[in-house]
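Structure record follows, encoded as C-alpha cells.
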Amino acid sequence: MINRKISIARYRQIIAVLTKHGFGLLLDQLGIFKYLKMKKLSSDEDAKSDKAKLSTGERLRLSLEELGPTFIKLGQVLSTRPDILPADIVEELKKLQDSVPSISFDEVKKVIEGEFKEELKNIYKEFEEKPIAAASISQVHRARLITGQEVAVKVQRPETEKIIKQDINILKDLASFVDNHTKYGKTYSFKETVLELEGVIKNELDFTKEAENLDKFKENFAKDEGIIVPNVKWVYTTKRVLTMEYVEGIKIDDHEKLDKAGLDRNEIAERLATSVCNQILRDGFFHADPHPGNIRILPDGTIVFLDLGMVGTLSESRKNMILKFFIGVTSRNSKLVVKSIVDLGAMQNKSNLKKFEKDVDEIIDKYLTMPLKEIKIDEAVYEIFNIAHSNQIRIPREFALLAKTLGTLQGVLEKLSPNTNPAVIIKPVAKRLIYKSFTLERISRDIRKNLWNYRELLSELPSAMLNFLMKMENENFAFQLEIKEIGEIQKRFERALNRMSFSLILLSVSIIIAGIIIGSSLSAAAGAGTETSFLNVVILRVSLVVASFIVIIMAVSMLRSKKP
C-alpha cells in the first residue's frame, strides 16, 4: 500500500499535474485515488482541448517538467530505458528541458557564505550577480578569484536536497505500488529504476563528486590531443559549491561562429566522436550527456567537455562485452551481438535464445546492403533494444545509458558534420582495443590481477584431489548420470532395434526361401526324382510357416514396445 504519511499534499500535487495532462484515467485504473482516499479529479478537462492533440510522450514530458527537478531527472533516466518504454516516448523524454528561472543573488550569496563560513567578498574578488546558466538543481555564475583568475561557480539551489528527498520517497512508494499491482510492474521493476534515479541524483547533489569526475577525465584525456575539461579549484569547492576554471569557447552547435573562426567542422566532429568512443571502450568512464550545451570549442579547435555530473562507468568485463557488441553490429555479425547481450546477464531465460538471434538476424540483414558510413549506430542499438524488450530481456542500466549517449552524440554530429558517422569511427577503435588486449603487457597485467585467485586454487588443489581419491577407494563411490527424458529415449531406441531386427530376420527368411525355390528349380531342371521334389515342397512349406510365425512374433513384440 502507498504510504500516505510521507506527504499527502505533495501526492495530491503530483496527481493533479498528471491528471491535468491526461493521465487521470490511468491513475484511476491503477487504484491510486482509492489508496490515497482522494476524490477523483475531473478527468482531464485540459486533455479535451489543446492537449488532446499532443502525443502520450509529449504530455508525459510536460508533466515531468512541471513537477520539478526530481521528475525531470526521472524522465532523463527513463529516456535511457528503451527496454521499458516505447521508442516514441523515449524520444520525447530526450527533449526534457532542465532549465528554470534563476534564483535571486541574495539566495546564492547565502548558500556560498554558509558553505565557506566567510563573506562572499573575501572569497571572490568579483562575482557577477546574473547567472550564465540556470537549471533545476543549480545555477552557474561567472566570478574572479582573489588571485585574479576567472572562474565559473556552480551553486546549488536552496532547499533542493530536501524537496528531492521527499519526491524520491514518494516515487519509491508509487513504484512499489505499480510493481505489486500490475503485470508490467512485475516484469520490469520500477522500484529498481527509482533506486537508480536516487543514485544519480545523490551524485549530482554532491558537487565534490563532479569535481572528482573532472579530475578523472583530465587524467584520461592526457592521452588524447585536443580534448580537455576545466580545472577544479578544490579550495573553493564544497558539496554545494563547485568552483572551476572559466572556459570562453564557442558552443558546438553555433556553426556560424565556428565557420567565422576558421575551424574545420569535419575535423572537430571526428575528434569528438573518437573521444566519446575512447571514453566508452578504452576508459570505461564516459560523459553520459554530451549535448551541445555541454561542449565548447576553443579558438585553436580544442574540445572542452562541461557539466560532468552525469557519467557512465563500465567494469573491465562489461567493457569487453560492449566491445564485442559493437564489433558485432558494425561487422553485421548477429551471433556476436546476441552473445554479448547474453554475457551481459541481460537474458534470464535462455529458452528464447534462438528466437532472439533470429530477430537480431533480421535487423542485421537490414544493414547488410547499407554502406557503413550510412549506418546510424544509435538506431541500430535501439532496434536491438526493442526486440530485446519483445523477448523480455532487461538491458543493464549502463548499457542503456551508453545507447542514450551515442544517440545524443549522433544528433550533435548530424548537424555539425553530416559526413561524420560514429559507426565508421567506432569499428576501428573497437578493433584496435581488442588487439591491444592480447599484448604481453595486458596478459601479464591480467595474470598479476588474478594472482591471488591462482594461489588459492593451487593451495586448495591437493586437498581436493585427496578427497576425490579417497572417495574413489570407497566401495560405495559411484557416478550418477541423469539424462532428461531417459525413458522416452530408451523406448525410441528399443523401437529402432525392433525394426532393425525385424528387417534382418525378414531378410534372412527371404534369402532362405529364395534359396529353396532356386534349389527346387535347379533339381527339377536336372531331372530329380519324385521323392526329391516332394521333399523340396515340404521344406518350402515348412519354411513359409516358420517365416510367417517369426514375422507374427516380431510384429507382436513391436506393438508391445510401443505401449507405455
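The values are calculated or read from the model by the stated rules, or taken from the named source; none is laboratory data. If you're wondering where the values come from, they're calculated on a predicted model, not measured in any experiment. Ideal geometry is used to build each Cβ from the backbone, glycine not excepted, and the neighbour counts take in all protein chains shown.
What to note about this one:
- Phe190 fulfils the conditions (1) crowded, with 20+ Cβ neighbours inside 10 Å; (2) out of contact with any Asp or Glu (no Cβ under 6 Å at 6 or more places or on another chain) except for a single criterion, (2).
- Yes/no for Ala430 being closer than 30 Å to Leu78 by Cβ, touching a helix residue (DSSP H, G or I) at 6+ places or on another chain (Cβ under 6 Å) and modelled with pLDDT under 70: yes
- Matching residues in region 204-252 - criterion: being more than 30 Å from Asn122 (Cβ to Cβ), out of contact with any strand residue (DSSP E or B) (no Cβ under 8 Å at 6 or more places or on another chain) and outside any loop (DSSP other than H, G, I, E, B): Glu219
- Scanning region 104-121 for residues that are in a helix (DSSP H, G or I), under 43 Å from the mean Cα position of the chain (by Cα) and more than 13 Å from Thr237 (Cα to Cα) yields a count of 5.
- Taking region 255-301 as the range and being closer than 18 Å to Thr420 by Cβ and assigned to a loop (DSSP other than H, G, I, E, B) as the test, the residues that pass are Leu263, Asp264, Pro290, His291, Gly301.
- Options Lys260, Lys209: the member that is surrounded by fewer than 18 Cβ atoms within 10 Å (Cβ to Cβ), under 23 Å from Ser136 (Cβ atoms) and of a type outside the set (Phe, Trp, Tyr): Lys209
- Test: Asp307 is in a loop (DSSP other than H, G, I, E, B), crowded, with 16+ Cβ neighbours inside 10 Å and on the phi > 0 side of the Ramachandran plot: yes
- Summed over region 188-203, the residues that are among the hydroxyl-bearing types (Ser, Thr, Tyr) and part of a helix (DSSP H, G or I) give a count of 1.
- Applying a threshold of 6 Å to beta carbon distances and a minimum spacing of six or more residues, or different chains, the list of pairs starting in region 229-250 at a residue that is within 22 Å of Asp300 (Cβ to Cβ) and ending at one that is of a type in the set (D, E, K, R) reads Val229/Lys218; Pro230/Glu245; Asn231/Glu245; Tyr246/Glu150; Val247/Arg296; Gly249/Arg296; Ile250/Lys257.
Conditions tested, residue by residue: (1) at pLDDT below 80; (2) in a loop (DSSP other than H, G, I, E, B); (3) among the polar types (S, T, N, Q); (4) buried (at least 18 other Cβ atoms within 10 Å of the Cβ).
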| position | (1), (2), (3), (4) |
| --- | --- |
| Ile6 | yes, yes, no, no |
| Val17 | no, no, no, yes |
| Asp44 | yes, yes, no, yes |
| Ala47 | yes, no, no, yes |
| Lys51 | yes, no, no, no |
| Leu62 | no, no, no, yes |
| Glu66 | no, no, no, no |
| Phe71 | no, no, no, yes |
| Val77 | yes, no, no, yes |
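- Residue within region 299-321 that is of a type in the set (A, V, I, L, M, F, W, C), modelled with pLDDT under 70 and in contact with a helix residue (DSSP H, G or I) (Cβ under 8 Å, 6 or more places away or on another chain) present: no
- Where Ser99 falls short, out of the listed (1) surrounded by fewer than 13 Cβ atoms within 10 Å (Cβ to Cβ); (2) modelled with pLDDT under 85: (1)
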